[in-house]
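The values are calculated or read from the model by the stated rules, or taken from the named source; none is laboratory data. Just so it is clear, the model here is predicted, and its values are computed rather than measured. Counting neighbours? That spans all protein chains shown, and the Cβs are built from the backbone with ideal geometry, glycine included.
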Amino acid sequence: MTDSQPLLELRHISKSFPGVKALDDVSFDVYGGEVHALLGENGAGKSTLIKIASGVYQPDAGEILVQGQPVRFGSPRDAQEKGIATIYQELLLYPELSVAENIFMGHAPRTRLGAIDWPEMRKKAEELLASLNIHDLDVTSKVGRLSVGNRQRVEIAKALSMNARVLIMDEPSAAITEADVERLFEIIRLLKERQVGIVYISHRLHEVFDIGDRVTVLRDGHYIATKQVAETNEDDLVNMMVGRTLDNMFPKLETQIGDVVLEVRGLSRRRLFQDVSFKLRAGEIVGMAGLVGSGRSEVAQSIFGLLPPQSGAIFMDGKEIKVKNPAQAMRYGIAYLPEDRGTQGLIRQMQLRENTSLTVLRDLSRAGFINRQKELELAQSTIEKLAIRAYSPLQLVGKLSGGNQQKVVVGKWLATRPRVLIVDEPTRGIDVGAKAEIHRLLSELAQQGLAILMISSELPEIIGMSDRVLVMREGRLVAEFSRAEATQENIGMAMMGNWVNNGSGLGEKVQATDGVAWQA
(Lines give C-alpha, C1' and ligand atoms only; values in the text may rest on other atoms or scores of the structure.)
Protein backbone atom coordinates (compact mmCIF):
# COMPACT_ATOMS: atom_id res chain seq x y z
CA MET A 1 0.00 0.00 0.00
CA THR A 2 1.65 3.26 -1.11
CA ASP A 3 1.11 6.77 0.21
CA SER A 4 -1.24 9.21 -1.59
CA GLN A 5 1.53 11.81 -1.97
CA PRO A 6 5.06 11.18 -3.32
CA LEU A 7 7.84 11.13 -0.73
CA LEU A 8 10.15 12.62 -3.35
CA GLU A 9 9.23 14.40 -6.56
CA LEU A 10 11.46 15.93 -9.24
CA ARG A 11 9.61 18.17 -11.68
CA HIS A 12 10.89 19.30 -15.11
CA ILE A 13 14.56 18.89 -14.18
CA SER A 14 17.23 20.08 -16.63
CA LYS A 15 20.99 19.93 -16.17
CA SER A 16 23.86 20.76 -18.53
CA PHE A 17 27.60 20.23 -18.37
CA PRO A 18 30.18 21.72 -20.76
CA GLY A 19 29.34 20.37 -24.19
CA VAL A 20 26.44 18.15 -23.15
CA LYS A 21 22.87 18.44 -21.89
CA ALA A 22 22.59 15.59 -19.40
CA LEU A 23 18.89 16.11 -18.55
CA ASP A 24 16.19 17.93 -20.47
CA ASP A 25 12.82 18.47 -18.75
CA VAL A 26 12.80 15.19 -16.80
CA SER A 27 10.19 14.40 -14.14
CA PHE A 28 10.29 11.51 -11.66
CA ASP A 29 8.72 10.61 -8.31
CA VAL A 30 8.67 7.83 -5.74
CA TYR A 31 5.99 6.96 -3.19
CA GLY A 32 6.34 5.35 0.22
CA GLY A 33 6.01 1.59 0.04
CA GLU A 34 6.99 1.21 -3.62
CA VAL A 35 10.03 0.24 -5.67
CA HIS A 36 10.33 2.62 -8.62
CA ALA A 37 12.89 1.32 -11.12
CA LEU A 38 14.87 3.83 -13.17
CA LEU A 39 16.18 2.48 -16.47
CA GLY A 40 18.21 3.75 -19.38
CA GLU A 41 21.39 3.07 -21.31
CA ASN A 42 24.70 4.44 -20.06
CA GLY A 43 24.58 8.17 -20.75
CA ALA A 44 20.78 8.32 -20.51
CA GLY A 45 20.92 10.66 -17.50
CA LYS A 46 20.17 8.25 -14.62
CA SER A 47 23.27 9.09 -12.60
CA THR A 48 22.78 12.84 -13.06
CA LEU A 49 19.16 12.57 -11.93
CA ILE A 50 19.96 10.65 -8.74
CA LYS A 51 22.84 13.00 -7.95
CA ILE A 52 20.41 15.90 -8.16
CA ALA A 53 17.96 14.01 -5.94
CA SER A 54 20.73 13.36 -3.40
CA GLY A 55 22.21 16.87 -3.36
CA VAL A 56 25.46 16.19 -5.25
CA TYR A 57 24.38 18.41 -8.17
CA GLN A 58 21.98 21.34 -8.32
CA PRO A 59 19.57 21.46 -11.28
CA ASP A 60 19.74 24.26 -13.85
CA ALA A 61 15.92 24.26 -14.02
CA GLY A 62 13.03 22.48 -12.35
CA GLU A 63 12.15 21.85 -8.73
CA ILE A 64 12.45 19.19 -6.04
CA LEU A 65 9.66 18.44 -3.57
CA VAL A 66 9.86 16.31 -0.44
CA GLN A 67 6.42 15.23 0.81
CA GLY A 68 4.89 18.02 -1.26
CA GLN A 69 7.15 20.79 0.04
CA PRO A 70 9.64 22.53 -2.30
CA VAL A 71 13.27 22.09 -1.16
CA ARG A 72 16.70 23.06 -2.37
CA PHE A 73 19.66 20.78 -1.69
CA GLY A 74 23.00 22.54 -1.48
CA SER A 75 24.83 19.35 -0.46
CA PRO A 76 24.29 15.61 0.16
CA ARG A 77 23.89 16.40 3.87
CA ASP A 78 20.87 18.58 3.05
CA ALA A 79 19.28 15.63 1.24
CA GLN A 80 20.09 13.26 4.10
CA GLU A 81 18.45 15.60 6.58
CA LYS A 82 15.29 15.41 4.45
CA GLY A 83 15.37 11.61 4.58
CA ILE A 84 16.99 10.82 1.22
CA ALA A 85 19.91 8.36 1.18
CA THR A 86 21.84 6.99 -1.79
CA ILE A 87 23.76 3.73 -1.97
CA TYR A 88 26.19 3.91 -4.87
CA GLN A 89 27.68 0.97 -6.75
CA GLU A 90 31.09 1.85 -5.25
CA LEU A 91 30.21 1.56 -1.57
CA LEU A 92 31.29 4.56 0.52
CA LEU A 93 32.50 2.90 3.71
CA TYR A 94 35.66 3.08 5.84
CA PRO A 95 37.35 -0.36 5.60
CA GLU A 96 39.46 0.06 8.74
CA LEU A 97 36.50 0.97 10.95
CA SER A 98 33.97 -1.41 12.47
CA VAL A 99 30.45 -2.11 11.27
CA ALA A 100 28.99 -0.04 14.13
CA GLU A 101 31.37 2.87 13.50
CA ASN A 102 30.46 2.96 9.81
CA ILE A 103 26.73 2.84 10.52
CA PHE A 104 26.88 5.79 12.92
CA MET A 105 29.65 7.79 11.25
CA GLY A 106 28.89 11.47 11.89
CA HIS A 107 25.97 10.88 14.23
CA ALA A 108 27.19 8.49 16.94
CA PRO A 109 25.30 8.42 20.26
CA ARG A 110 26.98 10.52 22.97
CA THR A 111 27.37 10.36 26.72
CA ARG A 112 26.32 13.26 28.96
CA LEU A 113 29.88 14.57 28.75
CA GLY A 114 29.83 14.59 24.95
CA ALA A 115 32.07 11.56 24.39
CA ILE A 116 31.03 8.75 22.03
CA ASP A 117 28.93 6.19 23.88
CA TRP A 118 30.57 3.05 22.48
CA PRO A 119 28.36 0.43 24.21
CA GLU A 120 25.21 2.32 23.16
CA MET A 121 26.49 2.60 19.57
CA ARG A 122 27.13 -1.14 19.37
CA LYS A 123 23.73 -1.87 20.90
CA LYS A 124 21.91 0.41 18.45
CA ALA A 125 23.84 -1.07 15.52
CA GLU A 126 22.81 -4.59 16.57
CA GLU A 127 19.18 -3.51 16.94
CA LEU A 128 19.21 -1.84 13.54
CA LEU A 129 20.66 -4.92 11.82
CA ALA A 130 18.19 -7.17 13.64
CA SER A 131 15.32 -4.99 12.38
CA LEU A 132 16.48 -5.92 8.86
CA ASN A 133 16.64 -9.62 9.79
CA ILE A 134 20.45 -9.48 9.68
CA HIS A 135 21.73 -11.63 12.52
CA ASP A 136 25.06 -12.86 11.17
CA LEU A 137 27.05 -9.61 11.24
CA ASP A 138 29.36 -8.83 14.16
CA VAL A 139 29.11 -5.06 14.68
CA THR A 140 32.70 -4.98 15.97
CA SER A 141 34.13 -6.51 12.77
CA LYS A 142 36.15 -4.31 10.44
CA VAL A 143 34.17 -3.52 7.30
CA GLY A 144 37.19 -4.18 5.07
CA ARG A 145 37.02 -7.87 6.01
CA LEU A 146 33.39 -8.28 4.96
CA SER A 147 32.06 -9.61 1.66
CA VAL A 148 30.61 -7.11 -0.82
CA GLY A 149 27.11 -8.30 0.07
CA ASN A 150 27.65 -7.70 3.77
CA ARG A 151 29.20 -4.28 3.12
CA GLN A 152 26.10 -3.41 1.14
CA ARG A 153 23.90 -4.39 4.09
CA VAL A 154 25.99 -2.10 6.29
CA GLU A 155 25.31 0.76 3.83
CA ILE A 156 21.57 0.10 4.06
CA ALA A 157 21.69 0.07 7.86
CA LYS A 158 23.71 3.29 7.78
CA ALA A 159 21.03 4.96 5.64
CA LEU A 160 18.26 3.82 7.99
CA SER A 161 20.21 5.03 11.03
CA MET A 162 19.67 8.53 9.61
CA ASN A 163 15.91 7.90 9.31
CA ALA A 164 15.93 7.65 5.52
CA ARG A 165 12.45 7.62 3.99
CA VAL A 166 13.74 7.38 0.39
CA LEU A 167 16.52 4.94 -0.46
CA ILE A 168 18.19 5.28 -3.86
CA MET A 169 20.07 2.15 -4.98
CA ASP A 170 22.47 2.47 -7.90
CA GLU A 171 23.24 -0.93 -9.47
CA PRO A 172 23.05 -2.72 -6.10
CA SER A 173 23.27 -6.22 -7.59
CA ALA A 174 26.17 -5.60 -10.00
CA ALA A 175 28.97 -6.96 -7.79
CA ILE A 176 27.26 -9.40 -5.43
CA THR A 177 26.49 -13.12 -5.57
CA GLU A 178 23.12 -14.63 -6.46
CA ALA A 179 22.55 -15.51 -2.79
CA ASP A 180 23.32 -11.91 -1.78
CA VAL A 181 20.87 -10.64 -4.41
CA GLU A 182 18.12 -12.71 -2.80
CA ARG A 183 19.00 -11.34 0.64
CA LEU A 184 18.99 -7.82 -0.82
CA PHE A 185 15.51 -8.38 -2.24
CA GLU A 186 14.30 -9.63 1.15
CA ILE A 187 15.51 -6.39 2.75
CA ILE A 188 13.88 -4.31 0.01
CA ARG A 189 10.53 -6.06 0.55
CA LEU A 190 10.87 -5.44 4.29
CA LEU A 191 11.54 -1.74 3.68
CA LYS A 192 8.51 -1.54 1.38
CA GLU A 193 6.34 -2.84 4.21
CA ARG A 194 7.68 0.02 6.36
CA GLN A 195 6.64 2.54 3.68
CA VAL A 196 10.19 3.39 2.61
CA GLY A 197 10.34 4.51 -1.03
CA ILE A 198 12.99 2.70 -3.10
CA VAL A 199 14.53 4.06 -6.30
CA TYR A 200 16.15 1.05 -7.98
CA ILE A 201 18.63 1.39 -10.85
CA SER A 202 19.76 -1.76 -12.65
CA HIS A 203 20.81 -3.04 -16.07
CA ARG A 204 19.27 -6.42 -15.21
CA LEU A 205 15.76 -6.16 -16.54
CA HIS A 206 14.53 -9.33 -14.86
CA GLU A 207 15.13 -7.67 -11.48
CA VAL A 208 12.63 -4.96 -12.38
CA PHE A 209 9.98 -7.64 -12.73
CA ASP A 210 11.11 -9.40 -9.54
CA ILE A 211 10.73 -6.42 -7.19
CA GLY A 212 9.54 -3.34 -9.11
CA ASP A 213 6.14 -1.63 -8.87
CA ARG A 214 6.68 1.14 -11.42
CA VAL A 215 9.41 1.77 -13.97
CA THR A 216 10.59 4.98 -15.62
CA VAL A 217 12.79 5.01 -18.72
CA LEU A 218 15.21 7.78 -19.72
CA ARG A 219 16.96 8.04 -23.08
CA ASP A 220 19.63 10.58 -24.06
CA GLY A 221 18.68 12.84 -21.17
CA HIS A 222 14.97 12.82 -21.97
CA TYR A 223 12.02 11.34 -20.12
CA ILE A 224 10.42 8.58 -22.23
CA ALA A 225 7.69 6.99 -20.11
CA THR A 226 6.59 5.68 -16.72
CA LYS A 227 4.67 2.40 -16.57
CA GLN A 228 3.34 -0.06 -14.04
CA VAL A 229 5.69 -3.04 -14.08
CA ALA A 230 2.71 -5.39 -14.36
CA GLU A 231 1.67 -3.65 -17.58
CA THR A 232 4.95 -3.91 -19.51
CA ASN A 233 7.51 -6.49 -20.59
CA GLU A 234 11.23 -6.73 -21.39
CA ASP A 235 10.80 -6.10 -25.12
CA ASP A 236 8.77 -2.97 -24.39
CA LEU A 237 11.38 -1.66 -21.95
CA VAL A 238 14.27 -2.36 -24.32
CA ASN A 239 12.45 -0.58 -27.12
CA MET A 240 11.95 2.49 -24.91
CA MET A 241 15.56 2.43 -23.67
CA VAL A 242 17.35 2.17 -27.00
CA GLY A 243 14.75 3.60 -29.37
CA ARG A 244 14.61 0.40 -31.40
CA THR A 245 13.74 -3.25 -30.89
CA LEU A 246 16.60 -5.61 -30.17
CA ASP A 247 15.22 -8.63 -31.97
CA ASN A 248 18.77 -9.87 -32.33
CA MET A 249 20.09 -9.44 -28.82
CA PHE A 250 22.44 -12.36 -29.45
CA PRO A 251 23.74 -11.84 -33.01
CA LYS A 252 25.35 -15.24 -33.48
CA LEU A 253 27.02 -15.29 -36.88
CA GLU A 254 27.61 -18.47 -38.86
CA THR A 255 31.25 -19.52 -38.54
CA GLN A 256 33.46 -22.22 -39.97
CA ILE A 257 34.60 -24.15 -36.93
CA GLY A 258 38.15 -25.35 -37.43
CA ASP A 259 40.72 -27.49 -35.68
CA VAL A 260 41.34 -27.75 -31.95
CA VAL A 261 43.44 -24.79 -30.81
CA LEU A 262 43.41 -25.23 -27.03
CA GLU A 263 42.90 -28.39 -24.99
CA VAL A 264 43.03 -28.92 -21.25
CA ARG A 265 43.30 -32.41 -19.77
CA GLY A 266 42.70 -33.28 -16.14
CA LEU A 267 43.34 -29.72 -14.93
CA SER A 268 43.24 -29.55 -11.13
CA ARG A 269 44.04 -27.12 -8.36
CA ARG A 270 43.33 -28.13 -4.79
CA ARG A 271 40.11 -26.72 -3.27
CA LEU A 272 39.24 -24.86 -6.48
CA PHE A 273 38.63 -27.36 -9.30
CA GLN A 274 39.36 -30.98 -10.15
CA ASP A 275 39.99 -33.03 -13.28
CA VAL A 276 38.68 -30.48 -15.81
CA SER A 277 39.04 -31.45 -19.48
CA PHE A 278 37.71 -29.76 -22.63
CA LYS A 279 38.70 -28.49 -26.07
CA LEU A 280 38.37 -25.14 -27.86
CA ARG A 281 38.32 -24.97 -31.66
CA ALA A 282 39.08 -22.11 -34.01
CA GLY A 283 35.95 -20.07 -34.77
CA GLU A 284 34.02 -21.55 -31.85
CA ILE A 285 32.40 -19.86 -28.87
CA VAL A 286 32.22 -22.25 -25.93
CA GLY A 287 30.07 -21.05 -23.05
CA MET A 288 30.91 -22.03 -19.49
CA ALA A 289 28.00 -21.91 -17.05
CA GLY A 290 27.80 -22.60 -13.33
CA LEU A 291 26.79 -21.04 -10.07
CA VAL A 292 29.09 -18.52 -8.38
CA GLY A 293 31.80 -20.56 -6.64
CA SER A 294 31.57 -23.46 -9.08
CA GLY A 295 35.17 -22.94 -10.23
CA ARG A 296 34.48 -21.30 -13.62
CA SER A 297 36.69 -18.24 -13.18
CA GLU A 298 39.41 -20.24 -11.44
CA VAL A 299 39.72 -22.59 -14.43
CA ALA A 300 40.07 -19.58 -16.74
CA GLN A 301 42.68 -18.01 -14.46
CA SER A 302 44.57 -21.30 -14.41
CA ILE A 303 44.75 -21.45 -18.20
CA PHE A 304 46.03 -17.86 -18.22
CA GLY A 305 48.69 -18.54 -15.59
CA LEU A 306 47.17 -16.53 -12.73
CA LEU A 307 46.44 -19.73 -10.78
CA PRO A 308 48.80 -22.31 -12.33
CA PRO A 309 47.34 -25.84 -12.15
CA GLN A 310 48.84 -28.33 -9.72
CA SER A 311 48.14 -31.23 -12.06
CA GLY A 312 46.86 -31.81 -15.56
CA ALA A 313 48.08 -30.46 -18.88
CA ILE A 314 47.39 -27.64 -21.35
CA PHE A 315 47.90 -28.10 -25.09
CA MET A 316 48.08 -25.60 -27.96
CA ASP A 317 47.79 -27.12 -31.43
CA GLY A 318 48.35 -30.56 -29.93
CA LYS A 319 51.61 -29.64 -28.20
CA GLU A 320 51.81 -29.45 -24.41
CA ILE A 321 52.68 -26.03 -23.03
CA LYS A 322 53.64 -24.89 -19.53
CA VAL A 323 51.82 -21.75 -18.38
CA LYS A 324 53.24 -20.49 -15.10
CA ASN A 325 52.29 -16.83 -15.46
CA PRO A 326 50.26 -14.48 -17.70
CA ALA A 327 53.34 -13.41 -19.67
CA GLN A 328 53.85 -17.02 -20.81
CA ALA A 329 50.14 -17.36 -21.64
CA MET A 330 50.31 -14.24 -23.82
CA ARG A 331 53.33 -15.60 -25.68
CA TYR A 332 51.32 -18.72 -26.52
CA GLY A 333 48.47 -16.56 -27.85
CA ILE A 334 46.07 -16.73 -24.90
CA ALA A 335 44.21 -13.59 -23.77
CA TYR A 336 41.98 -13.19 -20.70
CA LEU A 337 39.32 -10.54 -20.05
CA PRO A 338 38.72 -10.58 -16.28
CA GLU A 339 35.36 -10.46 -14.54
CA ASP A 340 36.04 -7.07 -12.91
CA ARG A 341 37.10 -4.73 -15.72
CA GLY A 342 37.35 -1.78 -13.32
CA THR A 343 40.08 -3.14 -11.04
CA GLN A 344 41.61 -5.95 -13.13
CA GLY A 345 41.11 -4.97 -16.76
CA LEU A 346 41.71 -1.22 -16.88
CA ILE A 347 43.53 1.62 -15.21
CA ARG A 348 40.67 4.10 -15.11
CA GLN A 349 42.84 7.09 -14.26
CA MET A 350 44.82 6.61 -17.48
CA GLN A 351 43.89 7.53 -21.03
CA LEU A 352 42.32 5.21 -23.57
CA ARG A 353 45.60 5.41 -25.52
CA GLU A 354 47.63 4.20 -22.54
CA ASN A 355 45.22 1.40 -21.65
CA THR A 356 45.13 0.04 -25.20
CA SER A 357 48.91 -0.32 -25.31
CA LEU A 358 49.41 -1.95 -21.90
CA THR A 359 49.70 -5.48 -23.31
CA VAL A 360 52.13 -4.57 -26.12
CA LEU A 361 54.44 -1.99 -24.57
CA ARG A 362 57.47 -4.12 -25.47
CA ASP A 363 56.51 -3.99 -29.16
CA LEU A 364 55.96 -0.22 -29.02
CA SER A 365 59.22 0.56 -27.22
CA ARG A 366 62.78 1.06 -28.27
CA ALA A 367 65.73 1.56 -25.94
CA GLY A 368 63.27 1.84 -23.05
CA PHE A 369 61.19 4.62 -24.63
CA ILE A 370 57.60 4.19 -25.84
CA ASN A 371 56.90 5.31 -29.39
CA ARG A 372 53.98 7.62 -28.63
CA GLN A 373 53.00 7.97 -32.28
CA LYS A 374 52.62 4.19 -32.70
CA GLU A 375 50.73 4.05 -29.41
CA LEU A 376 48.35 6.75 -30.64
CA GLU A 377 47.86 4.95 -33.97
CA LEU A 378 47.06 1.70 -32.13
CA ALA A 379 44.48 3.46 -29.98
CA GLN A 380 42.88 5.18 -32.97
CA SER A 381 42.74 1.88 -34.87
CA THR A 382 41.10 0.20 -31.84
CA ILE A 383 38.49 2.98 -31.58
CA GLU A 384 37.58 2.56 -35.26
CA LYS A 385 37.57 -1.25 -35.35
CA LEU A 386 35.49 -1.69 -32.19
CA ALA A 387 33.30 1.41 -32.65
CA ILE A 388 34.32 2.81 -29.26
CA ARG A 389 32.45 6.03 -28.49
CA ALA A 390 35.15 8.36 -27.22
CA TYR A 391 35.94 11.94 -28.18
CA SER A 392 39.65 11.15 -28.49
CA PRO A 393 42.30 8.48 -27.73
CA LEU A 394 43.38 10.88 -24.97
CA GLN A 395 40.08 10.55 -23.07
CA LEU A 396 40.35 9.06 -19.59
CA VAL A 397 38.97 5.51 -19.63
CA GLY A 398 37.11 6.13 -16.38
CA LYS A 399 34.97 8.72 -18.20
CA LEU A 400 33.68 6.18 -20.76
CA SER A 401 30.44 4.23 -20.38
CA GLY A 402 30.62 0.65 -19.12
CA GLY A 403 30.12 -0.82 -22.58
CA ASN A 404 32.86 1.31 -24.09
CA GLN A 405 35.20 0.46 -21.21
CA GLN A 406 34.62 -3.21 -21.97
CA LYS A 407 35.48 -2.59 -25.63
CA VAL A 408 38.76 -0.99 -24.54
CA VAL A 409 39.60 -4.15 -22.56
CA VAL A 410 38.82 -6.26 -25.64
CA GLY A 411 40.93 -3.95 -27.80
CA LYS A 412 43.82 -4.12 -25.36
CA TRP A 413 43.94 -7.90 -25.71
CA LEU A 414 43.30 -7.98 -29.46
CA ALA A 415 46.47 -5.92 -29.80
CA THR A 416 48.39 -9.06 -28.75
CA ARG A 417 46.85 -10.94 -31.74
CA PRO A 418 45.64 -13.86 -29.61
CA ARG A 419 44.38 -17.21 -30.89
CA VAL A 420 42.38 -17.97 -27.74
CA LEU A 421 40.22 -15.36 -26.03
CA ILE A 422 38.79 -16.07 -22.57
CA VAL A 423 36.07 -13.63 -21.50
CA ASP A 424 34.69 -13.71 -17.95
CA GLU A 425 31.26 -12.04 -17.52
CA PRO A 426 31.71 -9.97 -20.71
CA THR A 427 28.51 -7.92 -20.31
CA ARG A 428 28.25 -7.51 -16.54
CA GLY A 429 27.10 -4.04 -15.53
CA ILE A 430 26.50 -2.68 -19.03
CA ASP A 431 23.22 -1.67 -20.63
CA VAL A 432 21.20 -3.70 -23.11
CA GLY A 433 22.32 -1.76 -26.18
CA ALA A 434 25.99 -2.17 -25.24
CA LYS A 435 25.40 -5.87 -24.51
CA ALA A 436 24.19 -6.41 -28.06
CA GLU A 437 27.31 -4.63 -29.36
CA ILE A 438 29.64 -6.79 -27.24
CA HIS A 439 27.82 -9.93 -28.39
CA ARG A 440 28.18 -8.87 -32.03
CA LEU A 441 31.88 -8.16 -31.49
CA LEU A 442 32.50 -11.61 -29.97
CA SER A 443 30.59 -13.25 -32.81
CA GLU A 444 32.64 -11.35 -35.41
CA LEU A 445 35.89 -12.35 -33.68
CA ALA A 446 34.83 -16.01 -33.75
CA GLN A 447 33.99 -15.63 -37.44
CA GLN A 448 37.57 -14.42 -37.95
CA GLY A 449 38.85 -17.69 -36.46
CA LEU A 450 39.38 -16.80 -32.80
CA ALA A 451 38.63 -19.58 -30.28
CA ILE A 452 36.53 -18.07 -27.48
CA LEU A 453 35.74 -19.37 -23.99
CA MET A 454 32.89 -17.28 -22.57
CA ILE A 455 32.04 -17.49 -18.86
CA SER A 456 28.71 -15.99 -17.85
CA SER A 457 26.13 -16.08 -15.07
CA GLU A 458 23.38 -15.10 -17.53
CA LEU A 459 21.86 -18.22 -19.09
CA PRO A 460 20.23 -16.33 -22.02
CA GLU A 461 23.71 -15.06 -22.93
CA ILE A 462 25.24 -18.53 -22.66
CA ILE A 463 22.44 -20.10 -24.73
CA GLY A 464 22.28 -17.31 -27.31
CA MET A 465 26.01 -17.04 -28.03
CA SER A 466 27.52 -20.51 -27.58
CA ASP A 467 28.29 -23.26 -30.08
CA ARG A 468 28.76 -25.62 -27.13
CA VAL A 469 28.07 -25.21 -23.42
CA LEU A 470 30.11 -26.59 -20.52
CA VAL A 471 28.63 -26.68 -17.03
CA MET A 472 30.72 -26.47 -13.85
CA ARG A 473 29.52 -27.50 -10.41
CA GLU A 474 31.53 -27.60 -7.19
CA GLY A 475 34.83 -27.50 -9.03
CA ARG A 476 33.99 -30.19 -11.57
CA LEU A 477 32.93 -30.15 -15.18
CA VAL A 478 29.63 -32.02 -14.96
CA ALA A 479 27.93 -31.59 -18.34
CA GLU A 480 28.51 -30.59 -21.95
CA PHE A 481 25.79 -29.66 -24.45
CA SER A 482 25.67 -28.95 -28.14
CA ARG A 483 23.96 -25.72 -29.21
CA ALA A 484 20.76 -27.65 -29.93
CA GLU A 485 20.78 -29.34 -26.52
CA ALA A 486 21.64 -26.17 -24.55
CA THR A 487 18.24 -25.27 -23.12
CA GLN A 488 17.69 -23.28 -19.94
CA GLU A 489 16.15 -26.34 -18.31
CA ASN A 490 19.02 -28.67 -19.18
CA ILE A 491 21.76 -26.25 -18.13
CA GLY A 492 19.89 -25.27 -14.96
CA MET A 493 19.48 -28.87 -13.84
CA ALA A 494 23.17 -29.60 -14.39
CA MET A 495 24.15 -26.46 -12.46
CA MET A 496 21.93 -27.40 -9.53
CA GLY A 497 23.29 -30.92 -9.25
CA ASN A 498 20.47 -33.06 -10.65
CA TRP A 499 22.82 -35.64 -12.08
CA VAL A 500 23.98 -39.16 -11.27
CA ASN A 501 27.71 -39.85 -11.19
CA ASN A 502 28.61 -43.27 -12.56
CA GLY A 503 31.83 -42.33 -14.33
CA SER A 504 30.43 -42.73 -17.85
CA GLY A 505 31.07 -39.25 -19.23
CA LEU A 506 29.51 -35.83 -19.46
CA GLY A 507 26.03 -34.45 -19.92
CA GLU A 508 23.86 -37.47 -20.67
CA LYS A 509 20.27 -36.98 -19.57
CA VAL A 510 18.72 -39.98 -17.84
CA GLN A 511 15.34 -40.71 -16.29
CA ALA A 512 15.52 -41.28 -12.56
CA THR A 513 12.86 -42.50 -10.17
CA ASP A 514 12.52 -39.03 -8.66
CA GLY A 515 12.50 -37.13 -11.98
CA VAL A 516 15.16 -36.07 -14.42
CA ALA A 517 18.79 -36.61 -13.43
CA TRP A 518 22.21 -36.15 -15.01
CA GLN A 519 24.64 -38.87 -15.83
CA ALA A 520 28.22 -37.74 -15.47
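Quick notes on this one:
- Test result for residue 387, touching a Leu at 6+ places or on another chain (Cβ under 9 Å) and at positive phi: yes
- When residues of region 231-240 are limited to those that are modelled with pLDDT of 85 or more and buried (at least 18 other Cβ atoms within 10 Å of the Cβ), the one nearest to residue 464 (Cα to Cα): 237
- Looking across region 278-295, just one residue is in a strand (DSSP E or B), in contact (Cβ under 8 Å) with a residue 60 or more places away in the chain and more than 27 Å from residue 178 (Cβ to Cβ), and that is 281.
- When residue 311 is tested against (1) over 30 Å from residue 29 (Cα atoms); (2) of a type in the set (Ser, Thr, Tyr); (3) buried (at least 17 other Cβ atoms within 10 Å of the Cβ), just one condition goes unmet, and that condition is (3).
- Considering 127, 120, 90, 101, the condition of being of a type in the set (D, E, K, R), under 19 Å from residue 54 (Cβ atoms) and without any contact (Cβ under 8 Å) to a residue 40 or more places away in the chain is satisfied by 90 alone.
- Filter result for residue 283 (more than 30 Å from residue 44 (Cα to Cα) and either at pLDDT 95 or above or within 28 Å of the chain's Cα centre (by Cα) (or both)): yes
- Residue selected from region 210-222 under the condition touching a residue at least 60 places away in the same chain (Cβ under 8 Å) and surrounded by fewer than 21 Cβ atoms within 10 Å (Cβ to Cβ), by the criterion farthest from residue 12 (Cα to Cα): 211
- When residue 446 is tested against (1) of a type in the set (A, V, I, L, M); (2) part of a loop (DSSP other than H, G, I, E, B); (3) within 23 Å of residue 254 (Cβ to Cβ), only condition (2) is not met.
- Matching entry among 401, 392 (being more than 21 Å from the chain's Cα centre (by Cα) and surrounded by fewer than 22 Cβ atoms within 10 Å (Cβ to Cβ)): 392
- The residues in region 333-371 that are on the phi > 0 side of the Ramachandran plot and surrounded by 13 or more Cβ atoms within 10 Å (Cβ to Cβ) can be counted, and the count is 1.
- Entry remark, region 144-199: residues being in a loop (DSSP other than H, G, I, E, B), under 20 Å from the mean Cα position of the chain (by Cα) and of a type outside the set (A, V, I, L, M, F, W, C) number 5 in total.
- Residue in region 370-386 that is hydrophobic (A, V, I, L, M, F, W, C), at pLDDT below 90 and touching a Gly at 6+ places or on another chain (Cβ under 6 Å) present: yes
- From the list 416, 382, the one residue that fits, being farther than 22 Å from residue 294 by Cβ and not in a loop (DSSP other than H, G, I, E, B), is 382.
- Options 53, 37: the member that is out of contact with any Gly (no Cβ under 9 Å at 6 or more places or on another chain) and modelled with pLDDT of 95 or more: 53
- Qualifying residues in region 328-369 (those that are charged (D, E, K, R), at pLDDT below 85 and touching a helix residue (DSSP H, G or I) at 6+ places or on another chain (Cβ under 8 Å)) - the one farthest from residue 307 (Cα to Cα): 348
- Verdict on residue 36 being part of a loop (DSSP other than H, G, I, E, B) and either crowded, with 20+ Cβ neighbours inside 10 Å or not aromatic (Phe, Trp, Tyr) (or both): no
Yes or no, residue by residue, for (1) at pLDDT below 90; (2) in contact with a helix residue (DSSP H, G or I) (Cβ under 7 Å, 6 or more places away or on another chain):
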position: 212; (1), (2): no, yes
position: 229; (1), (2): no, yes
position: 255; (1), (2): yes, yes
position: 266; (1), (2): no, no
position: 288; (1), (2): no, yes
position: 296; (1), (2): no, no
position: 309; (1), (2): no, yes
position: 314; (1), (2): no, yes
